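Just so you know, all these numbers are worked out from the coordinates, no wet-lab data involved. Predicted model only: the values in this text are computed from it and were never measured. Positions of Cβ are generated from backbone atoms using ideal geometry, with glycine treated the same way; all protein chains shown enter the neighbour counts.
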Amino acid sequence: MIRPMSILMMVAALALSLPAAAEQPYPKVDFSGDWVLEDGTGTQVRAKMRYSASLKKMRLDMTQMGMEMSSVRSMPEGDMIMWSSQMPGMAMRLPSIRDDSFHATDTGTSRAIDGETCTIWLVQTARACLTDDNIPLEVSGEGFFSRLTNIERVAQDPAHFEIPANLTVMDMPANLPGMGEMKPGGGLPF
């Protein structure tokens, strides 16, 4: 059985990873899609992902074990705010990961996934396959695999990327049990 804290940590890893280079390969277009993360132990997390190229913000929405969870991440600042139906009126700010803490290399190797061509990037301990407009189709590393499907390149409503006004945002406590150290490239879509 997946525990709520495990789900929280998987979502945090999903939203905090980002391949980098001299210039960050942020997606160049607005899009939405279905993101599936598998952790190698049979645990699977499914999320709806939205991205705004003009805001450089990503939103994830999911339901796990009856618990609705959402998060919004500002890509340049690294800040991610996460809230859940189990914590009404509250949200957590997860630790920022600065752009300069990432190290990525464009391998120049391309492949096709679901009819789309993408280029493989090595991101510290992970591999990311990005389309020409930098949408992450797959990301994999030690103990996880993730894929974005049902991609729609459509304008996203800026309201999707606003934190609900009724939430009190708190910083996630340092040394939270089971949290471990979150590392760039140890996770997911960006």
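Listing for the model above:
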read-out: Which numbered condition ILE81 fails, given (1) hydrophobic (A, V, I, L, M, F, W, C); (2) in a loop (DSSP other than H, G, I, E, B); (3) farther than 25 Å from ARG153 by Cβ; value: (2)
read-out: Residues of the stretch 26-53 classified as under 22 Å from ALA155 (Cα atoms), assigned to a loop (DSSP other than H, G, I, E, B) and touching a residue at least 40 places away in the same chain (Cβ under 8 Å), total; value: 5
read-out: Given (1) in contact with a Ser or Thr (Cβ under 6 Å, 6 or more places away or on another chain); (2) in a strand (DSSP E or B); (3) within 20 Å of ALA47 (Cβ to Cβ), index of the condition THR119 fails; value: (3)
